[in-house]
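Quick notes on the structure that follows.
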Amino acid sequence: MQRPGALRVKLFTLAGFTVYDALWVGSGEVLNGYVALPLEDREIEVAVAPGEPVVDPEVGLSLALWSLWQPRCAVPPTPDARRPGRFALDPTSARAESREVAVAHGEVEEEVLIPGGGLGVAGGRVIARYSETDCSLAVPLARRVLLEAPEQGWTADVRILEVEENPVLDARLFAPPSRGSGRGPA
């Protein structure tokens, strides 16, 4: 992640082959996404305006991560009077229709996000369940995140094995691919 709005996600097989490589860049009106699926020899390029639907379900996982990792409290959260420990968040920074968190013992344990325009043809929501919080860092970090998009039919179990705070990242990690380069994000 690179603030204000760039996210790079790469998924690998156990043998080290890249199976999914996504880049999202945008902090203005349009969010640009580039997704490469090397095993399918397929690339997807998409520009998403706020509230615009995302048609291709292959971009759903990385777009959901981009949304979840946007600032939560641009404005103060609103407590849900019917459900103690639940708070509605301003969904604007995540380009979402709605966004809420469940807090217990001073930590966010769950987040529910309904992306603006949905995630692919089935629309839907993303549920993130956070656990194994590492409080040794300057900002506590959940080392395990279970993601679920029930309407999309996918789940992901993300485990953070290593953390480096404030690293210097090569700008090329977040550079959009050249048009006609024949390859996805670098």
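Values for this structure:
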| item | result |
| --- | --- |
| Only one of Pro71, Pro84, Pro76 that is in a loop (DSSP other than H, G, I, E, B), in contact with a helix residue (DSSP H, G or I) (Cβ under 6 Å, 6 or more places away or on another chain) and on the phi < 0 side of the Ramachandran plot | Pro71 |
| Some residue of the range 89-102 being surrounded by 20 or more Cβ atoms within 10 Å (Cβ to Cβ), β-branched (Val, Ile, Thr) and in contact (Cβ under 8 Å) with a residue 40 or more places away in the chain | no |
| Filtered residue count, the range 31-54, keeping only those that are of a type in the set (A, V, I, L, M, F, W, C), surrounded by fewer than 13 Cβ atoms within 10 Å (Cβ to Cβ) and part of a loop (DSSP other than H, G, I, E, B) | 1 |
| So Thr78, is it polar (S, T, N, Q), farther than 21 Å from Leu147 by Cβ and touching a strand residue (DSSP E or B) at 6+ places or on another chain (Cβ under 6 Å) | yes |
| Residue that is surrounded by fewer than 17 Cβ atoms within 10 Å (Cβ to Cβ), among the aliphatic types (A, V, I, L, M) and either assigned to a strand (DSSP E or B) or in contact with a Lys or Arg (Cβ under 6 Å, 6 or more places away or on another chain) (or both), where the choices are Leu113, Leu146, Leu137 | Leu146 |
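Here, each number is a calculation from the coordinates, and none is a lab measurement. The shown structure was predicted, so the numbers you read here are calculated from the model rather than taken from an experiment. Cβ coordinates were reconstructed from backbone atoms using ideal geometry, including for glycine residues, and neighbour counts include every protein chain displayed.
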